[in-house]
Amino acid sequence: MPIHLFNTYSRQIELFAPLDPAGKKVKMYTCGPTVYNHAHIGNFRAYLFEDLLQRHLESRGYEVERVMNLTDVDDKTIRGCRQLGMRLAEFTEKFKRAFFEDLETLRVERAAHYPAATEDRYIARMIEMIRQLESAGIAYQAEDRSVYFRLSKFPDYGKLAHLNLDELRPTGRIQNDEYEKESVGDFALWKAWDENDGDVRWDSPWGPGRPGWHIECSAMATALLGPELDIHCGGVDNIFPHHEAEIAQSECCTGKKFVRHWLHCAHLMVDGQKMSKSLGNFYTLRDLTAKGFSGREVRYALLTVNYRLPLNFTLAGLEASRAALARIDEWTARLLDHAKDAPPAATPLSAHAAQFSAALDDDLNISAALSHLFDLIRESNTALDRKELSSGHAAQLLDDWRAIDRVLAFQREAATIPAEVLALVEQRQQARANRDWAESDRLRDLIAQLGYIVKDTKDGPKVSPK
């Protein structure tokens, strides 16, 4: 079935069609973290939406080559390393490691490439692009020795963000990496060294300095994926100025349309407010795991709202995610018990799995997709209760679930129950046989303190990790 995605550039839902003549290979670029601190859950909302997109494309038979950059030189990283008296590479390395650990915790599929802006090959590529722009009269070196992009040479600037540049405040030149949406001016491609940069500097035809933030992504994207991309993703805060600048730089260098489909995810709120350290509602993934939540619970919470809608994150919502995953876990356990070694047999219930995928074809409509999943769970549980589901049907539904979970990555990891927990479960069974309910409750609480849940069923107690 064809996939339709909302294109930020056109503001329309469009049929997805890759540039590859065979229609199978997809070139995808996703803006990664600036490694000056631990990534927060707002960042991970974007990375998880991109992971869902990649996984769904792959489930539909596409071969996705995804690049995610690491911004390891900019105003923030330099400020951070200087405050701690560290070299830039040493400062950013610990946050790079932490980022990859967090991706693992959240079950994010690895990109094909993670280029870092400070790698020699990409610095050389940035300088090459800037020289090309300068030769064409599109870039110029100003009196402050920095090199700027001349906006007047690119009349399409602002079309991605749908800005009317005539109505915005002209600012001449902008050297900072980030600036307000109301400010429009020639942006820095190469920033001349000054004392605030410390020992962070590279030689260039314009003197010592460092690249501007925007040119970094253009250089890495085109170096690895070529002049034309199928998909470019990021958060809505990247649209202006960052992605506008990427388009201007790249298209002036290559003469080709840089990106076919632009996808951006909306902001994440926390308890109905903008996430802020001053409000006490700022969370990294590590903050949440310290509170006892798992990576898959956070993954569920950040994925359950369509990427183009604002997501209001709450701790109560995380608890709801835990309950929803427990429901999935119980369902898959029932199917496994019932299927035994039977071969799959066709069942009409598999229609829900097809509807799940079709919902994601519609601009990643995750709410509808999850609705179909839970319809499947409810109806198959009812069939099990009524003894209307054969072992072969259960085996087929497990196959359907595995296909769904290759996109969602919600499956609980197989766990070996510790002997200590199993002994407590056995003691609790004896207490229940003796109708010693107080002792049974005490043992259940002890099991919970060890991180496990015991559920009583007609087939005996079932133990699972929290």
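The values are calculated or read from the model by the stated rules, or taken from the named source; none is laboratory data. From a predicted model like this one, the values you see are computed outputs, not experimental measurements. Here the Cβ positions follow ideal geometry from the backbone for every residue, glycine too, while neighbour counts run over all protein chains shown. Side chains included, ligands, DNA and RNA excluded: accessible areas come from the protein's heavy atoms. Shrake-Rupley method; radii C 1.70, N 1.55, O 1.52, S 1.80 Å.
Just a few scattered comments:
- A count restricted to the range 75-95 and to residues that are under 25 Å from the mean Cα position of the chain (by Cα) and open to solvent by 30 Å² or more (accessible area, probe 1.4 Å) stands at 5.
- Subset of the range 385-416 (residues that are open to solvent by less than 40 Å² (accessible area, probe 1.4 Å) and either at positive phi or in contact with a strand residue (DSSP E or B) (Cβ under 9 Å, 6 or more places away or on another chain) (or both)): A409
- Within the range 334-371, tally of residues that are farther than 16 Å from Q396 by Cβ and free of Cβ contacts under 8 Å to residues at least 24 places away in the same chain: 4
- Taking the listed residues L349, L360, the one that is open to solvent by less than 10 Å² (accessible area, probe 1.4 Å) and either closer than 30 Å to F16 by Cα or at pLDDT 95 or above (or both) is L360, with no other qualifying.
- Beta carbons closer than 6 Å, at least 6 apart along the sequence or on distinct chains, pair a first residue in the range 114-131 that is in contact (Cβ under 8 Å) with a residue 24 or more places away in the chain with a second that is charged (D, E, K, R) and open to solvent by less than 60 Å² (accessible area, probe 1.4 Å) for A116/D72; A117/D72; A117/E216; T118/D72.
- Residue match in the range 18-26 (condition: in a helix (DSSP H, G or I) and of a type in the set (A, V, I, L, M)): no
- Pick from the range 34-56, criterion of a type in the set (S, T, Y) and in contact with a Lys or Arg (Cβ under 9 Å, 6 or more places away or on another chain), ranking: nearest to A116 (Cα to Cα): T34
- So T34, is it over 15 Å from L57 (Cβ atoms) and either open to solvent by 60 Å² or more (accessible area, probe 1.4 Å) or β-branched (V, I, T) (or both): yes
To keep it simple, each residue is scored yes or no on (1) open to solvent by 100 Å² or more (accessible area, probe 1.4 Å); (2) at pLDDT below 95.
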{"position": "M129", "(1), (2)": "no, no"}
{"position": "L133", "(1), (2)": "no, no"}
{"position": "A139", "(1), (2)": "no, no"}
{"position": "P155", "(1), (2)": "yes, yes"}
{"position": "N164", "(1), (2)": "no, yes"}
{"position": "E180", "(1), (2)": "yes, yes"}
{"position": "S204", "(1), (2)": "no, no"}
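- Residue check, V236 under 24 Å from V108 (Cα atoms), open to solvent by 30 Å² or more (accessible area, probe 1.4 Å) and touching a strand residue (DSSP E or B) at 6+ places or on another chain (Cβ under 6 Å): yes
- Total residues in the range 213-245 satisfying the condition of being without any contact (Cβ under 8 Å) to a residue 60 or more places away in the chain and in a loop (DSSP other than H, G, I, E, B): the figure is 1.
- Filtered residues of the range 57-86 (kept if of a type outside the set (S, T, N, Q) and closer than 13 Å to T118 by Cα): L70, D72, V73, D74, I78
- Residues satisfying the stated conditions in the range 427-456, i.e. touching a Pro at 6+ places or on another chain (Cβ under 9 Å) and farther than 22 Å from R334 by Cβ: L450, G451
- Test: residue in the range 309-322 that is in contact with a Ser or Thr (Cβ under 7 Å, 6 or more places away or on another chain) and either under 19 Å from R402 (Cβ atoms) or without any contact (Cβ under 8 Å) to a residue 60 or more places away in the chain (or both): no
- Residues of the range 62-73 that are touching a helix residue (DSSP H, G or I) at 6+ places or on another chain (Cβ under 6 Å) and open to solvent by 10 Å² or more (accessible area, probe 1.4 Å): V64 alone.
- Count of the range 293-307 residues, restricted to those that are open to solvent by less than 20 Å² (accessible area, probe 1.4 Å) and in contact with a strand residue (DSSP E or B) (Cβ under 8 Å, 6 or more places away or on another chain), is 3.
One line per residue, one yes/no per condition, for (1) in a helix (DSSP H, G or I); (2) farther than 28 Å from D287 by Cβ:
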position: F91; (1), (2): yes, no
position: F95; (1), (2): yes, no
position: A98; (1), (2): yes, no
position: E101; (1), (2): yes, no
position: E104; (1), (2): yes, no
position: R107; (1), (2): no, no
position: T118; (1), (2): no, yes
position: R121; (1), (2): yes, yes
position: R125; (1), (2): yes, yes
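Yes or no, residue by residue, for (1) open to solvent by 30 Å² or more (accessible area, probe 1.4 Å); (2) on the phi < 0 side of the Ramachandran plot:
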{"site": "A324", "(1), (2)": "no, yes"}
{"site": "L335", "(1), (2)": "no, yes"}
{"site": "K340", "(1), (2)": "yes, no"}
{"site": "A345", "(1), (2)": "yes, yes"}
{"site": "A354", "(1), (2)": "yes, yes"}
{"site": "L364", "(1), (2)": "no, no"}
{"site": "L373", "(1), (2)": "no, yes"}
{"site": "A383", "(1), (2)": "no, yes"}
